[in-house]
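Have a look at this one before I ask anything.
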Amino acid sequence: MKQTLTLLTGLLLIAMPATAEETTGLTEDMIKIGVMAPFSGNAASYSKAEIGLMAYYDKINDEGGVNGRKLVAVQEDTACDPAKGLAAAKKLIFQDEVFMLHGNSCSGVALAIRPVIEEAGLPWVIAHAASDSISDPLAANIFHGLPTGSANGRAMAQFVLSRPDTKRVAIIEHSNDWAHSYSDPARAYLKEQGIEPVADQTMERGQTDATAQILTLREAKPDFIIAALYEAETAIFLRDLKKYGMSDIPVMGTAGTDLENTLIRVGDLETVKNYFVIHSYIDSLNGDKLKPWGDMITKYYPDEQLSTFSFASLGSAVAVVEALKNAGRDLTRSGFIAEMEKIDNLDTGILSDPMTFTHDDHQGVKGSAVAGFVDGEPTVLRAWGERY
Amino acid sequence: MFLQLSISGLSQGAIYALVALSLTVVYRSTTIVNFGHGDFVMAGAFVSYVLTVMLGIAFLPAALLSVIALFLLGLCFSRGLIRPIRGGPHIGFALMCIAVGFVMRGIARIVWGREVLPMPSVFDMPPIFIGNLIITGDAVFIIGTTAVLLVIFFAVLALTDIGKMVQAVYQSQRGAQLIGINVDRFNDITWGVGAALGAVGGILIAPVSLLHPDIGASFLLKGFAAMTLGGFGSLHGAVIGALMLGVAEQYAGAYINSALIDITAYLVIVIVLLVRPHGLFGRKAVVKV
């Protein structure tokens, strides 16, 4: 009888939804926040984004915290690997019992962990991964605190077509969700404008040579190339473009790369002079408007080398702190979610576009600027030849 | 386009050749497949990076020092970690190789973790244009260096007593011991040579691609595919298999679909194992019952 009862209890526990309690991860003086990022692996440089948001927590803590509570980041490494990401998410939710999740670079990981987090019900504010599918279809507890792939993809295609006489557009991309989250909306926008890509090429992660793709592109004679590639492959692609005498063709990259570090990686300005990237901020990396944010990060992480990724999560961090403040001292998860949904036209002081959430739309940022080299200097642009 | 793809494929294949050859060298003398070899390739590239970029040593002496360092690392690996587990289950060797590979990768991650590092171009000559054909300095450097190394390697094997010793150990370790060859020491040196050859591959590819702790993983797979195609245990088979793989990737990527580049190595392994399990130049396995 006792064994039967134990078995039934066990089955009941398994059958129950694995929802998190309303107030786990909260004490009188702290809020425990799970921060997932690829702290290792070949996409590890993206974890700079989460370093940025943790520096912002430190700043808020130094100013007294939020309603008397300090923000405590519990870090977990995803290595940009869905299996590791899933393990990290489960550990944070069920073992560390954090109040909420904030962060995560790598859309592939974010998509893999979404069902677990949606079921658990704790708030998750996405700080860096851009794929639309993470927050669409809508999940009550998941918020996208940066421009999503569709916003970025459209911005990429709009910028490409803002260049006079651009008719022939080619696309090169990875075959993963992250790349498609940029290229699919870009394709959709091009199609709306009556343009079909003249070439579609794939370059997988880890490839050290882009000759086959570039020779195919050369035959297609594009006016502009859209490249949804990670950092290392972007550098290899741009280097190989130059090798084969095609560096005069402009290339539009994603928010997954930045100008300054791409320049360092390829080694010379000539190779990147026609490279443009989605740049969701109000200023360039070394610009005056980003300087206070950069100073804040290096104050708390003195060894951190700043790149544009370092700022990627700060807009969402501002929104998180705003919602936590507004939720008051009697903080609950549902209270926090309700306050997130009240954020309207928030000027984060760092993102180029404002942030708005509603009950029916959790993708908060709808547009993005672009950055490119103008007279050898990284410059934020609204359109071809038009400064931000 | 065909010629351009061929040159690019040979350049990539040359790197694969060094990796496959170094795997084969170890496999022939010890029958151990070094599943951690990709990380020796990575380690060679990182040692070279430290010497050239961080310490400012010129490329050639830095490359030489890196190769020596990896030779010693391979030798110590054999002496300290492989010899003590001899006599145990064969899978123990594979697990040891994997474990040490991950330890090396972990160390690199601790030191350089979140950065993708650029390595200065070694052979920064302007490309040579022959009609539509473009021959880049990197391709010249990689193919040339690999060709010279392979000539030296095979000349040593064919023309010296060392080559006879290699052949003797490959045919029968017990027989080799009977004629006075110190097989243990020979195996240690073989591990050293394998690691050093892998390091050359890493040093050559680092300026072309970028450097990060996971760079070796894909080269390990390419090395396996080349070994499979050329025939397990065949030294010249490993080289020819690697060159064919490099070229096949380029042709498949350009003429069929660029997504095929990344899976060509897997396809090669599957097809060869099904159609010709001993590869192009390998020996058919004969089991006596």
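The values are calculated or read from the model by the stated rules, or taken from the named source; none is laboratory data. Every value quoted in this text rests on a predicted model; they were computed, and no experiment measured them. Please note: Cβ atoms are built from the backbone with ideal geometry, for glycine as well, and neighbour counts cover all protein chains shown. To get the accessible areas, we keep the full protein, side chains included, count just its heavy atoms, and leave off ligands, DNA and RNA. Shrake-Rupley method; radii C 1.70, N 1.55, O 1.52, S 1.80 Å.
Please state which one of B:Val193, B:Val183 is in contact with a helix residue (DSSP H, G or I) (Cβ under 9 Å, 6 or more places away or on another chain), more than 14 Å from chain A (Cβ to nearest Cβ) and closer than 13 Å to B:Val67 by Cα. Can you show your working first?
Values: B:Val183 fails: closer than 13 Å to B:Val67 by Cα.
Testing whether each residue is in contact with a helix residue (DSSP H, G or I) (Cβ under 9 Å, 6 or more places away or on another chain), more than 14 Å from chain A (Cβ to nearest Cβ) and closer than 13 Å to B:Val67 by Cα leaves just B:Val193.
At least 2 residues that are open to solvent by 40 Å² or more (accessible area, probe 1.4 Å) and touching a Ser or Thr at 6+ places or on another chain (Cβ under 9 Å) in each: list the helices (runs of 4 or more DSSP H) lying fully within the stretch B:160-263 that qualify.
Values: elements: B:161-171, B:173-178, B:183-205, B:215-230, B:235-251.
Per the criteria, B:173-178, B:183-205, B:235-251.
If you don't mind, another one. Here are the criteria: (1) within 14 Å of chain B (Cβ to nearest Cβ); (2) surrounded by 20 or more Cβ atoms within 10 Å (Cβ to Cβ); (3) over 29 Å from A:Lys342 (Cα atoms). Tell me which single one A:Ala312 does not satisfy.
Checking A:Ala312 against (1) within 14 Å of chain B (Cβ to nearest Cβ); (2) surrounded by 20 or more Cβ atoms within 10 Å (Cβ to Cβ); (3) over 29 Å from A:Lys342 (Cα atoms), the one that fails is (3).
Being farther than 18 Å from A:Leu238 by Cα and facing chain A (nearest Cβ under 9 Å) is the filter here, so list the residues in the stretch B:118-131 that pass it.
B:Phe129
Which of the residues that make up the stretch B:21-80 are touching a Cys at 6+ places or on another chain (Cβ under 8 Å) and among the hydrophobic types (A, V, I, L, M, F, W, C)? Can you show your working first?
Just the residues of the stretch B:21-80 that are touching a Cys at 6+ places or on another chain (Cβ under 8 Å), to begin with: B:32-37.
Residues satisfying the conditions are B:Ile32, B:Val33, B:Phe35.
Suppose we filter A:Met203, A:Met252 for residues that are open to solvent by less than 10 Å² (accessible area, probe 1.4 Å), away from chain B (no Cβ under 14 Å) and within 29 Å of B:Met119 (Cα to Cα); which single one remains?
Working: A:Met203 fails: away from chain B (no Cβ under 14 Å).
It is A:Met252.
Please determine whether any residue of the stretch A:72-85 is among the polar types (S, T, N, Q) and more than 14 Å from chain B (Cβ to nearest Cβ). Outline the logic, then answer.
Quick first cut of the stretch A:72-85, residues among the polar types (S, T, N, Q) only: A:75, A:78.
This time we only want the ones that are more than 14 Å from chain B (Cβ to nearest Cβ), so: none.
Looking through the stretch A:72-85, none of the residues is among the polar types (S, T, N, Q) and more than 14 Å from chain B (Cβ to nearest Cβ).
Testing A:Asp240 on (1) buried (at least 21 other Cβ atoms within 10 Å of the Cβ); (2) under 24 Å from the mean Cα position of the chain (by Cα); (3) within 14 Å of chain B (Cβ to nearest Cβ), one condition comes back false. Which one is that?
Of (1) buried (at least 21 other Cβ atoms within 10 Å of the Cβ); (2) under 24 Å from the mean Cα position of the chain (by Cα); (3) within 14 Å of chain B (Cβ to nearest Cβ), only one is false for A:Asp240: (2).
Based on what the data block shows, is B:Phe59 farther than 19 Å from B:Gly194 by Cα, open to solvent by 20 Å² or more (accessible area, probe 1.4 Å) and away from chain A (no Cβ under 14 Å)?
Numbers: farther than 19 Å from B:Gly194 by Cα: yes; open to solvent by 20 Å² or more (accessible area, probe 1.4 Å): yes; away from chain A (no Cβ under 14 Å): yes.
For B:Phe59, the condition - farther than 19 Å from B:Gly194 by Cα, open to solvent by 20 Å² or more (accessible area, probe 1.4 Å) and away from chain A (no Cβ under 14 Å) - is met.
Return only the number of the condition from (1) open to solvent by less than 40 Å² (accessible area, probe 1.4 Å); (2) part of a loop (DSSP other than H, G, I, E, B); (3) of a type in the set (D, E, K, R) that A:Asp361 does not satisfy.
Just one mismatch for A:Asp361, condition (1).
Restricting attention to the stretch A:219-235, which residues are surrounded by fewer than 19 Cβ atoms within 10 Å (Cβ to Cβ) and either among the polar types (S, T, N, Q) or at pLDDT below 90 (or both)?
Of all residues in the stretch A:219-235, those surrounded by fewer than 19 Cβ atoms within 10 Å (Cβ to Cβ) come to A:219-221, A:223.
Selection gives A:Glu219 alone.
Output yes when any residue across the stretch A:316-325 is out of contact with any Leu (no Cβ under 9 Å at 6 or more places or on another chain), at pLDDT 95 or above and not hydrophobic (A, V, I, L, M, F, W, C), and no when none is. Talk me through it step by step, then tell me what you get.
At the first step, the residues of the stretch A:316-325 found to be out of contact with any Leu (no Cβ under 9 Å at 6 or more places or on another chain) are A:323, A:325.
Checking the rest, the ones that are also at pLDDT 95 or above come to A:323, A:325.
Checking which are not hydrophobic (A, V, I, L, M, F, W, C) leaves us with A:325.
So far as the stretch A:316-325 goes, yes, one or more of its residues are out of contact with any Leu (no Cβ under 9 Å at 6 or more places or on another chain), at pLDDT 95 or above and not hydrophobic (A, V, I, L, M, F, W, C).
Identify the single condition in (1) surrounded by 18 or more Cβ atoms within 10 Å (Cβ to Cβ); (2) on the phi > 0 side of the Ramachandran plot that A:Gly385 does not satisfy, given that it satisfies every other one.
(1)
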